[in-house]
Amino acid sequence: MTLRLLAEVSPHDLLVGLAELQNHLLGYVKSMALKCAVDLGIPNAIYRRGGAATLAEIATDTAVHPAKVPDLQRVMELLSTSGIFSATAGEDSGGFGVVVYGLTTASRFLVGWRNLSPMVPFLVSPVVVSSFFSMCDWFRSEPAAAGSLFELAHGCSQRDMAGKDAALNSALNDYVVADSQLFLEVIILDKGRIFRGLSSLIDVGGGHGAATQIIARAFPRIKCTVLDLPHVVGQVTACDGELHFIAGDMFESIPPADAVLLKNILHEWGDEDCVKILQRCKEAIPSRHAGGKVIIIDMVRGSAKGDSKISEMEAIQNMFMMHVNGMERGENEWKKIFSDAGFSADYKIMPILGPLSVIEIYP
Ligand SMILES: C[S@@+](CC[C@H](N)C(=O)[O-])C[C@H]1O[C@@H](n2cnc3c(N)ncnc32)[C@H](O)[C@@H]1O
């Protein structure tokens, strides 16, 4: 087979194919380099130097041992090749030619007041990454016996482990807070009208209330409540002040409110569980005539329209959600769940940033 391939394919195409294979096999090295850069504080070091820094400056600012500077250069080379940093030719203070590293749009998400760097310790944690090692066994096993990839690898669900492991719980909640702080502000700026006129809102699975806090500040007349599992609500501190927190289970009952918010919840569950959650939501809200609605913030696949980076992101996110038996859905998949849960057919999908969308559904 390989010999035939050598005869049939041009040397350039062979090389591109080999590079594609190697890049896939070692794709995790990119994740690790990014994790290392965030752990060392490299994006912030570049940011604090006005957005441009040499290798020597980055090494000094991040306390890298002088003997390891050539190795740091490898990290910077990879992350510049892959679009996390920019690399341009410049001069050092002595007039010698050096590479100057800068922030790109991607790494600007890792610096400043609202940033996504807290996503790294969770998404690139050994406990999450190792779930994917059991994928082959998982595909061949009886669904009820194996559970999710995470359960097969670790013997318990991610939620149960977070309930027992304080470090994982904190990493997960910090991730949620960072994501909420950034995206809720964007959503309120762009689609704030979805919250207007509400007198009460319950954020189901709202974690430490980061999303709700932003809504409560922008719309002080809304009585905002967060419902989450006891181990999550138990970690909430006094500074989370103006919100009400309730420890409970969204599969059992959801306290009444004009609107229920489900942000990044349904993509963690299979269709049957989503229908059950939405049925509990429907019981919690008034009729449509009285303003009742469920606000879902989640991905709606299919917005990529030929953009291979966005298509890849959708496919990676969809596969990532497999580790907890969740999935990212396209409009038709959402539509079926809404209908099975008894909601009206005239839902509204409002794209925020590519596939990231707000969906309003009505009883
Ligand atoms: C991915 S996080 C999403 C957090 C948040 N909504 C956000 O801003 O993205 C999922 C949340 O659902 C909560 N959760 C999971 N099962 C739950 C249940 N049965 N009842 C209530 N909350 C639950 C988890 O504790 C976690 O805080």
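The table below lists the values:
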read-out: Proximal charge balance of Gly330 [Cβ under 10 Å; K/R count +1, D/E count -1]; value: -1
read-out: In region 75-184, the chymotrypsin sites (Phe, Trp or Tyr not before Pro) that fall in loop regions by DSSP, at most 10 other Cβ within 10 Å; value: Phe96, Trp113
read-out: Cα gyration tensor shape for region 15-128, rounded if a/c is under 1.5, else prolate or oblate; value: oblate
read-out: Rounded to 5, percent antiparallel among DSSP beta bridges of the chain; value: 50
read-out: Cross-link reach list, lysines versus Lys223, counting only Cα pairs under 16 Å and skipping chain neighbours closer than eight places; value: Lys293
read-out: Theoretical FRET efficiency, 1/(1+(r/R0)^6), r = Cβ-Cβ of Glu283 and Ala7, R0 56 Å, to 0.05; value: 0.25
read-out: Ellipticity estimate at 222 nm from DSSP helix runs (n ≥ 4, -39,500 (n - 2.57)) divided over the chain, nearest 500; value: -13500 deg cm²/dmol
read-out: Residue exposure sequence - Arg114, Arg74 - by fewest surrounding Cβ within 10 Å; value: Arg74, Arg114
read-out: Proximal aspartates and glutamates to Lys348, defined as alpha-carbon separation beneath 14 angstrom and excluding residues fewer than eight positions away on the same chain; value: Asp298, Glu331, Glu360
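Coordinate-derived values only; no laboratory data. For clarity, every value in this text was computed on a predicted model and none was experimentally measured. When we count neighbours, we look across all protein chains shown, and the Cβ atoms used for this are built from the backbone with ideal geometry, even at glycine.
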